[in-house]
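Here's the structure, in structure tokens; my notes come after.
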Amino acid sequence: MIDRENQNTGKYGNEEILIFAITLGKRMLQAGAETYRVEDSVSRVLESQGVRHIDVFAIPTAVFISCEINGEKMNIFERIKGTNIDLERFQALNQISRDFSSGVYDLKKAKEELDKISATPKFNLFWSWLGACAGGGFFVFLFDGGVMEFIVSFLASGVTALCFNSLSKLGFSFFIKNVIGGFIAGLFGFSFVKLAGLIGLNCDINLVIIGPLMTLVPGVAITTGIRDVIAGDLVAGNAKIMEAVFIAIGLAFGVGILLRMVF
Amino acid sequence: MDMIFKLLAGFFCAAGFSVMFNMPKRLIPCAGISGVAATLPYLLILQSGGGLILAVIAGSIAVGLTAEFFAYYTRNPSSIFTIPGIIPLVPGYSLYYAMLYLVQNNVDQAAQKGAEAVITAISIACGIAISMSIKREFTAIKNRRK
């Protein structure tokens, strides 16, 4: 523990604290934290340093902070591009904000921890493939599918998720990306069913396509959006819902084009 | 037997998605269990004819409470358990059918399935919000007793 005396506002430069707080908020939003949690964490971090008149406003595309440090009025704003849900990072960032506000970390240590997080290990390719396979494949059972549909859907989900991951690196806009994503989900679902048909195994295509599609559907985004609206963060919630709706429309376009071609 | 099979499916769905969302390794079983918590009331209510909305709300309340429980014991934010946990309830199936009917020029049924998807999503969010306020009341009462 660091004693409280060393921790008052005079010790660190005004900008230093503010930049740390906004970087924390930005990273949290990028990892998929809820809006209210980001606003709470950032204000708690600033409060613990004796900053007054704190206002934090977070939306999925930007964070704003306005406050008064040592009698000086300050504003800071950062633009956010590209969020993807990363629970490990989310959890670690939450821990840093807690430890910093309760005085376990000083600013230098907290900054070091923050830099360390950007390099957290991801699951390797095999595990993320298996995760996508399981995530998509087991849906078939929830909708009364058989073992045959499960196997086909399991494989198709994995391939789709891998393709979609490499598609994300190409830098398309999110709408076009999801049109292509929906198309390949349908394509793999359909061609795997046909392949199984060639060796004499019949399965229901509608059940199979659900698996790969499920790995792309913005179910989490739409629920967190609605939850933000219920919690009173109307702008952030609306932005999230809007994005989710357009992802769903994109997927619908993609799958629709494919279904048009085959049916 | 069928029921147990579906619960296992719920477990692996949630666990699979938690890998996609880069969950810390030791917490993956917890994510799977919140998937089971979603599936159990959902299936029971659907089978007894309680209707879709009630089933989804009950499922997501169960997810929310399980997540709060895990959050309390592992000292983590509860939403890292709810995010994979709600996956078995997410309306991917009705969304797909809405698209399919739309492509087949069957607008009536497309609208019906689309509305079903929207209502399911709203119900999930409501369930999570309800469980969060239950937890908040619970801690308030506990603090008052002390």
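The values are calculated or read from the model by the stated rules, or taken from the named source; none is laboratory data. For clarity, every value in this text was computed on a predicted model and none was experimentally measured. In this analysis, Cβ positions are derived from the backbone assuming ideal geometry, glycine residues included, and neighbour counts consider all displayed protein chains.
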Original post:
If you check A:Gly232 against the conditions, is it surrounded by fewer than 22 Cβ atoms within 10 Å (Cβ to Cβ), at positive phi and of a type in the set (Gly, Ala, Ser)?
Top reply: yes
Original post:
Do we find that B:Leu8 is farther than 22 Å from B:Ser123 by Cβ, in a helix (DSSP H, G or I), within 11 Å of another protein chain (Cβ to nearest Cβ) and more than 16 Å from the chain's Cα centre (by Cα) in this structure?
Top reply: no
Original post:
With respect to the numbered conditions (1) under 19 Å from B:Gln104 (Cα atoms); (2) in a loop (DSSP other than H, G, I, E, B), which one is the sole condition not fulfilled by A:Gly186?
Top reply: (2)
Original post:
Is it true that some residue in region A:227-236 is closer than 24 Å to A:Val152 by Cβ and of a type in the set (Val, Ile, Thr)?
Top reply: no
**OP:** Please state which one of A:Phe141, A:Phe154, A:Phe175 is part of a helix (DSSP H, G or I), within 9 Å of another protein chain (Cβ to nearest Cβ) and out of contact with any Ser or Thr (no Cβ under 9 Å at 6 or more places or on another chain).
**Re:** A:Phe141
**OP:** Could you tell me which of the residues A:Ala110, A:Ala119 is among the aliphatic types (A, V, I, L, M), exposed (fewer than 14 other Cβ atoms within 10 Å of the Cβ) and at pLDDT below 85?
**Re:** A:Ala119
Original post:
Name the residues in region A:66-88 that are under 22 Å from the mean Cα position of the chain (by Cα) and within 19 Å of A:Ile19 (Cα to Cα), would you?
Top reply: A:Phe77, A:Glu78, A:Arg79, A:Ile80, A:Lys81
Original post:
Take the residues of region B:11-22 that are under 15 Å from the mean Cα position of the chain (by Cα) and of a type in the set (A, V, I, L, M): which is nearest to the other protein chains (Cβ to nearest Cβ)?
Top reply: B:Ala15
**OP:** Could you look through region B:47-102, keep only residues that are within 11 Å of chain A (Cβ to nearest Cβ) and outside any helix (DSSP H, G or I), and pick out the one that is surrounded by the most Cβ atoms within 10 Å (Cβ to Cβ)?
**Re:** B:Ile86
Original post:
Do any residues in region A:32-53 that are within 21 Å of A:Glu16 (Cβ to Cβ) have Cβ atoms under 8 Å from those of residues that are part of a helix (DSSP H, G or I) and of a type in the set (Val, Ile, Thr), where the two are at least six apart or on different chains, and which pairs are they?
Top reply: A:Val42/A:Ile22; A:Leu46/A:Ile17; A:Gln49/A:Thr9; A:Gln49/A:Ile17; A:Gly50/A:Thr9; A:Val51/A:Thr9; A:Val51/A:Ile17
Subject >> Number of positions in region B:106-146 that are among the basic types (Lys, Arg), within 13 Å of chain A (Cβ to nearest Cβ) and surrounded by fewer than 19 Cβ atoms within 10 Å (Cβ to Cβ) >> reply: 1
**OP:** Within region A:114-131, identify whether any single residue is touching a helix residue (DSSP H, G or I) at 6+ places or on another chain (Cβ under 8 Å), within 30 Å of B:Gln47 (Cα to Cα) and part of a helix (DSSP H, G or I), and answer yes or no.
**Re:** yes
Subject >> Residues satisfying the stated conditions in region B:23-38, i.e. facing chain A (nearest Cβ under 7 Å) and crowded, with 24+ Cβ neighbours inside 10 Å >> reply: B:Met23
Original post:
Does A:Ala239 meet the test of being surrounded by 18 or more Cβ atoms within 10 Å (Cβ to Cβ), farther than 22 Å from A:Lys122 by Cβ and small (Gly, Ala, Ser)?
Top reply: yes
